[in-house]
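To start, the structure itself, in structure tokens.
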Amino acid sequence: MKEVPVDLPSRIRDIVARLARVDADFRADADVFRELGLQSAAALDFLLQLEEEFGVAINDDAFARARTLEQITALVADLRGRAA
Amino acid sequence: MSETRATFSIELDKEPDADLASDIEKQGGHVSPHVRHVEIVGRTVRYEVGERAPDDVHGKIERYLGAMVARHRKIPRKVIHERARAAARPLERDVFARLVERRWVRSVATGQVTLAGPALEALRAVDEDARRLATASFGAREEAYPSLIPSEALGRCGYFSSFPQSLSMVAHLVEDFDSIERFRRAHLDEARMRPIEPGVFAAPECCLSPALCYHTYLGLEGSKVIGGPHVVTTVGKCFRYESINMKGLERLWDFTMREIVFVGTEDEVLTRRARGIELVQEQLERWDLAGRIETANDPFFSAAYAGKSYAQLRSQLKFELRLPLSDDDPSGRRELACASFNLHDNFFGRTFSISAGDDAAAFTGCIGWGLERWVFALFTQHGLEPDGWPESLRARVWG
């Protein structure tokens, strides 16, 4: 299990909250598309922001499977760990 | 006398992938009424404009390219089925011209055709097969819809922000005696519609429907689907303005679609779309057609293109059946999307307050057959004489 940097979940949380236009105190296991209402058309913006902010290249299939803050954080942490 | 055209080119920063290039070419006609043709070779976009094109057309092309290319992310298409024909015969050429010559198809105006004889029978055969498939395999309820759809409903479906270029708005003269009388007098000796004075048209309350399934969702507004999915089948006219791309039977402004629409829980809709794909594969077998089923995206316009195409492709929301029209085109572009298999997640359930299962927003999906395209593909693959047609279709089409 890769170590997750302390601020990673909160930074991703902020991106989700901004794109979905919701308060940042949503549940970490909430589906960001279905429960938080992030438009599917905003998925590309979300992906590009994650890649730019965290300096990782995210596989599209893996991104499609990651639907909660917990899963997205784990995906980004894993990619950063591999790059390190 | 043919029009003089001028050709210009623009270099993109990098070569677009084949899908993006194809979509840029297809939608290029919507940039200006002066654009006649758009083609991409490598990084170079070549476009032709008519002789009276104003200078601002070049700026429009640049802005259009910028909007289409920005944020685009390539997702490779996934082919889930491919079939070759058992009959070893070349694909027919010049099919549209030959159908017109036999008076089985008549071109009425841009994007509008009439069908007769075997062409009409072929359309009926495909439609009847799809209708039976819908009722026998899914227990679909048959419904008939108007060609008009309220503009407000289409707006809620997201059509205005996704596909504004394809809209066909229905205008009528505003209820005003003086305006109508002026219009009438202006046409006493004039068959062509003359320029209309500002304010004479009412805001279009309705559009011509670009797809049939919107009517299904509108009809279910505020309801709960219980005891299994709600499945509807319908056939009707659909209208999509396609500018310089409208030609033959391939791209019509006014065309006929058979649809099956599924409304229910996620699992109910997913399993039925998958079954629908299998049933269309069986159609290809029965009718000995070559074809391929693969992921696809809709023709979203401008800045809507990158994000919405990406969402469709990455989540495999749309598959298309593509039937080949040519044996010898290495570009692979001489083929025709004749059916599509679509999921919309719970977008229409949320938009129209339709619930299913545990009171959650219903999921929806649909399968559509573009019937004139099937006619074109059938004659291309089986020829213009009955001998080349498989027995399963011959009697129905040729009597």
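Table: residues versus (1) more than 22 Å from B:V225 (Cα to Cα); (2) free of Cβ contacts under 8 Å to residues at least 60 places away in the same chain; (3) among the acidic types (D, E).
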{"site": "B:N297", "(1), (2), (3)": "yes, no, no"}
{"site": "B:F301", "(1), (2), (3)": "yes, no, no"}
{"site": "B:D358", "(1), (2), (3)": "no, yes, yes"}
{"site": "B:G370", "(1), (2), (3)": "yes, no, no"}
{"site": "B:E385", "(1), (2), (3)": "yes, yes, yes"}
{"site": "B:R394", "(1), (2), (3)": "yes, yes, no"}
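Which of (1) touching a Leu at 6+ places or on another chain (Cβ under 8 Å); (2) touching a residue at least 24 places away in the same chain (Cβ under 8 Å); (3) small (G, A, S); (4) not in a strand (DSSP E or B) does B:G236 not meet, given it meets every other one?
(4)
Can you name the residue in the stretch A:61-83 that is assigned to a helix (DSSP H, G or I) and surrounded by 18 or more Cβ atoms within 10 Å (Cβ to Cβ) and, of all such residues, is farthest from the other protein chains (Cβ to nearest Cβ)?
Filtering the stretch A:61-83 down to residues assigned to a helix (DSSP H, G or I) leaves A:61-65, A:69-83.
Those still in the list that are surrounded by 18 or more Cβ atoms within 10 Å (Cβ to Cβ) too: A:63, A:69, A:72-73, A:75-77, A:79.
On the way: A:F63: 7, A:L69: 19, A:I72: 14, A:T73: 19, A:L75: 14, A:V76: 17, A:A77: 21, A:L79: 17 Å.
So, considering only residues that are assigned to a helix (DSSP H, G or I) and surrounded by 18 or more Cβ atoms within 10 Å (Cβ to Cβ), the one farthest from the other protein chains (Cβ to nearest Cβ) is A:A77.
Quick one: which helices (runs of 4 or more DSSP H) sit completely within the stretch B:100-217 and have at least 3 residues that are not small (G, A, S)?
B:117-138, B:151-156, B:177-186
In this structure, is B:P33 assigned to a loop (DSSP other than H, G, I, E, B), in contact with a strand residue (DSSP E or B) (Cβ under 9 Å, 6 or more places away or on another chain) and over 19 Å from B:R334 (Cα atoms)? Let's see the steps before the verdict.
Values: assigned to a loop (DSSP other than H, G, I, E, B): yes; in contact with a strand residue (DSSP E or B) (Cβ under 9 Å, 6 or more places away or on another chain): yes; over 19 Å from B:R334 (Cα atoms): yes.
It is true that B:P33 is assigned to a loop (DSSP other than H, G, I, E, B), in contact with a strand residue (DSSP E or B) (Cβ under 9 Å, 6 or more places away or on another chain) and over 19 Å from B:R334 (Cα atoms).
Going through the stretch B:97-131 one residue at a time, which ones are β-branched (V, I, T) and without any contact (Cβ under 8 Å) to a residue 24 or more places away in the chain?
Of the residues in the stretch B:97-131, the ones β-branched (V, I, T) are B:100, B:105, B:108, B:110, B:113-114, B:126.
Residues satisfying the conditions are B:V100, B:V108, B:T114.
Kindly indicate whether any position in the stretch B:300-320 is in a loop (DSSP other than H, G, I, E, B), under 21 Å from the mean Cα position of the chain (by Cα), within 14 Å of another protein chain (Cβ to nearest Cβ) and over 26 Å from A:A62 (Cα atoms).
Just the residues of the stretch B:300-320 that are in a loop (DSSP other than H, G, I, E, B), to begin with: B:300-303, B:315-317.
With the extra rule that they be under 21 Å from the mean Cα position of the chain (by Cα), the set shrinks to B:300-303, B:315-317.
When the remaining residues are screened for being within 14 Å of another protein chain (Cβ to nearest Cβ), the result is B:300-303, B:315-317.
With over 26 Å from A:A62 (Cα atoms) added as a condition, the list becomes B:301-302.
Within the stretch B:300-320, one or more residues are in a loop (DSSP other than H, G, I, E, B), under 21 Å from the mean Cα position of the chain (by Cα), within 14 Å of another protein chain (Cβ to nearest Cβ) and over 26 Å from A:A62 (Cα atoms).
Is the stretch B:253-263 home to any residue that is in contact (Cβ under 8 Å) with a residue 60 or more places away in the chain and in a loop (DSSP other than H, G, I, E, B)? Break it down into steps so the answer makes sense when it comes.
Narrowing the stretch B:253-263 to residues in contact (Cβ under 8 Å) with a residue 60 or more places away in the chain: B:253-263.
Cutting the leftovers down to in a loop (DSSP other than H, G, I, E, B) gives us B:253.
Within the stretch B:253-263 (the criterion being in contact (Cβ under 8 Å) with a residue 60 or more places away in the chain and in a loop (DSSP other than H, G, I, E, B)), the answer is yes, since at least one residue qualifies.
When you go through B:V49, B:V57, B:V45 one by one, which is the residue that is surrounded by 13 or more Cβ atoms within 10 Å (Cβ to Cβ), part of a strand (DSSP E or B) and out of contact with any Leu (no Cβ under 8 Å at 6 or more places or on another chain)?
B:V49
Looking only at the stretch A:31-60, which residues are among the charged types (D, E, K, R), touching a residue at least 24 places away in the same chain (Cβ under 8 Å), part of a helix (DSSP H, G or I) and within 13 Å of another protein chain (Cβ to nearest Cβ)?
Start the filter on the stretch A:31-60 by keeping residues that are among the charged types (D, E, K, R), which leaves A:31, A:34-35, A:45, A:51-53, A:60.
Filter once more, keeping what is touching a residue at least 24 places away in the same chain (Cβ under 8 Å): A:31, A:34, A:45, A:53.
After this cut, where a residue has to be part of a helix (DSSP H, G or I) as well, the list is A:45, A:53.
The answer is A:D45, and nothing else.
Condition first: within 30 Å of B:G357 (Cβ to Cβ) and either loosely packed, with under 12 Cβ neighbours inside 10 Å or in contact with an Asp or Glu (Cβ under 7 Å, 6 or more places away or on another chain) (or both). Can you find one or more residues in the stretch B:193-201 that meet it?
Going residue by residue through the stretch B:193-201, those that are within 30 Å of B:G357 (Cβ to Cβ) are none.
There is no residue in the stretch B:193-201 that is within 30 Å of B:G357 (Cβ to Cβ) and either loosely packed, with under 12 Cβ neighbours inside 10 Å or in contact with an Asp or Glu (Cβ under 7 Å, 6 or more places away or on another chain) (or both).
Quick check on the stretch B:64-99: of everything there that is in a loop (DSSP other than H, G, I, E, B) and in contact with a Gly (Cβ under 8 Å, 6 or more places away or on another chain), which residue is nearest to the other protein chains (Cβ to nearest Cβ)? Break it down stepwise before answering.
Filtering the stretch B:64-99 for residues in a loop (DSSP other than H, G, I, E, B) gives B:70-78, B:84-94.
From the residues that got through so far, the ones that are in contact with a Gly (Cβ under 8 Å, 6 or more places away or on another chain) too are B:71, B:87, B:89, B:92.
Numbers: B:R71: 6, B:A87: 38, B:R89: 40, B:E92: 39 Å.
Here the residue is B:R71.
Among the residues of the stretch B:202-222, is there at least one that is surrounded by 16 or more Cβ atoms within 10 Å (Cβ to Cβ) and of a type in the set (F, W, Y)?
There is at least one residue in the stretch B:202-222 that is surrounded by 16 or more Cβ atoms within 10 Å (Cβ to Cβ) and of a type in the set (F, W, Y).
Assuming A:A28 fulfils every condition listed in (1) within 10 Å of chain B (Cβ to nearest Cβ); (2) in contact with an Asp or Glu (Cβ under 6 Å, 6 or more places away or on another chain) apart from one, which condition is it?
A:A28 satisfies every listed condition except (1).
Just checking, which of B:A136, B:A125, B:A171 is buried (at least 16 other Cβ atoms within 10 Å of the Cβ) and of a type in the set (A, V, I, L, M, F, W, C)? Show your work before the answer.
Working: B:A136 fails: buried (at least 16 other Cβ atoms within 10 Å of the Cβ); B:A171 fails: buried (at least 16 other Cβ atoms within 10 Å of the Cβ).
Answer to the selection: B:A125.
So, B:I244, is that one in a helix (DSSP H, G or I) and at pLDDT below 95 or not?
Numbers: in a helix (DSSP H, G or I): yes; at pLDDT below 95: yes.
So B:I244 passes the test.
The values are calculated or read from the model by the stated rules, or taken from the named source; none is laboratory data. Everything numeric in this text was worked out from a predicted model, so none of it was measured. Please note: Cβ atoms are built from the backbone with ideal geometry, for glycine as well, and neighbour counts cover all protein chains shown.
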